[in-house]
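S.K.: One structure, as structure tokens, below. Some questions next.
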Amino acid sequence: MNLKSVQTEVDASYLYQILAENEEDETVKSIFTEMSDIERGHAISFLKNKGLTEKDLPKPSIRARIMNKLGKILGYDFILGNLLETEKNLAKGISNARKKTKTEVSISDTAHVQILQNILNKEDKAPSSGFSRFEKRHRSVGGNALRAAVLGANDGLLSTFSLVMGVAGAAVESQTVLLTGIAGLLAGSLSMALGEWISVKSSQELYENQMEIEMEELNENPEGEKREIILIYQAKGIPKEEATEMAEKIMKDKKEAHQFLVKEELGINSEELKGSASEAAFASFFMFAIGAILPVFPFVFWEGNLAVYISAGASVIGLFFIGSVITLFTGKSVLYSGFRMVVFGLLAASITFGIGKWIGVSVAG
């Protein structure tokens, strides 16, 4: 156990409390509050093992406070999704800490992971509608939109930076570098947009086709589909008699039976079909272009080596910023992630610059 583990627990407690304060459903609100208390208890327990007291608890980190700010802008499901992704890491850290300190394992160590997994995987056994709503929201959150935006900007910046440096290395005129950069920006943005549109559209069409087939099977062989539902419930640990009763109840409503089979048998979340392929394409185009602008714009105002230096400087700043933003999802150090991104970016640009210079000399010779 180290103080970083304590900070992680404090941040989790803080963010769960934020979720509780902004949750309307009383059932879900109580879950978040309980989770917050448990995380705080973990942190205090860890401090005591180090000979410290509750007074030594650190304040929520800058990362946690930024996530709170983003939650106010993007919606608190953004925070919820990121907490979901870190729960398993938290449980693993707690387990390792207990092994090192030789303390007794507690059920609460993995309580959050189990609670969330049960809600995600066994919605039909949930005791209230609050859990059902909770599960549905968990399926659709996770900061995916922001993550995709960050990665799209990173792709645009890194690929265009490497392209510009490669052309600049060939010692061609700044105007040529600018035109090449703009061409790379447009080509990359359009490619990303088209790829995203095709990906979303193809997935939707595939899912819709599978759903139609499932409805046909439900109409033509209802008894067979009923047996499948029984097996699905049995696989969840429900006794056969109870599973049969539940299946019979579902089969009374064909629409409900179809939704159940689509979700449990095909693994399709109907919420995902509501996504707009056009919106995804536009977002990919826009974010790639935003990242690509940084290494290109200096050649609009400057020429020669000065433009190259400013382009490289602007790209380094952009890479560090993107690396820092990624820590919202990974929980790593801002400096570590930022500088790592810079190193990779400079390495890629150096390689293309060197190749460009070699080609330029060869052509000139």
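Laboratory data are not the source of any read-out in this text; all were calculated from the coordinates shown. These figures come from a predicted structure and were not determined experimentally. Don't worry about glycine lacking a Cβ; one is built from the backbone with ideal geometry, like all the others, and counts go over all protein chains shown.
S.K.: Modelled label-to-label distance, Glu54 and Lys332, 7 Å Cα→beta-carbon offset: nm?
M.R.: Output for this residue pair reads 3.6 nm.
S.K.: Can you give me the C-alpha center-to-center distance between the range 206-220 and the range 275-323, rounded to a whole angstrom?
M.R.: Between the Cα centre of the range 206-220 and that of the range 275-323, the gap is 45 Å.
S.K.: I've got another one for you. Using 1/(1 + (r/R0)^6) with R0 = 41 angstrom and r between the beta carbons of Lys240 and Leu347, what's the FRET efficiency to the nearest 0.05? Display every interim value, and only then the final one.
M.R.: Numbers: r = 60 Å, r/R0 = 1.45.
Calculated transfer efficiency: 0.10.
S.K.: Something else now. Could you calculate the FRET efficiency of Ser191 with Lys29 from 1/(1 + (r/R0)^6), where r is the beta carbon distance between them and R0 is 35 Å, rounded to 0.05? Write down the numbers at each step before the final one.
M.R.: Values: r = 45 Å, r/R0 = 1.27.
The formula returns an efficiency of 0.20 here.
S.K.: Right, something else. For a Förster distance of 45 Å, can you work out the FRET efficiency between the beta-carbons of Leu151 and Asp253, rounded to the nearest 0.05? It would help to have the intermediate numbers written out before the result.
M.R.: Values: r = 41 Å, r/R0 = 0.92.
Computed FRET efficiency for Leu151 and Asp253: 0.65.
S.K.: Sorted by mean Cβ packing within 10 Å, highest first, what order do the peptides 152-162, 214-224 take?
M.R.: Numbers: 152-162: 24.1, 214-224: 13.2.
Final packing ranking: 152-162, 214-224.
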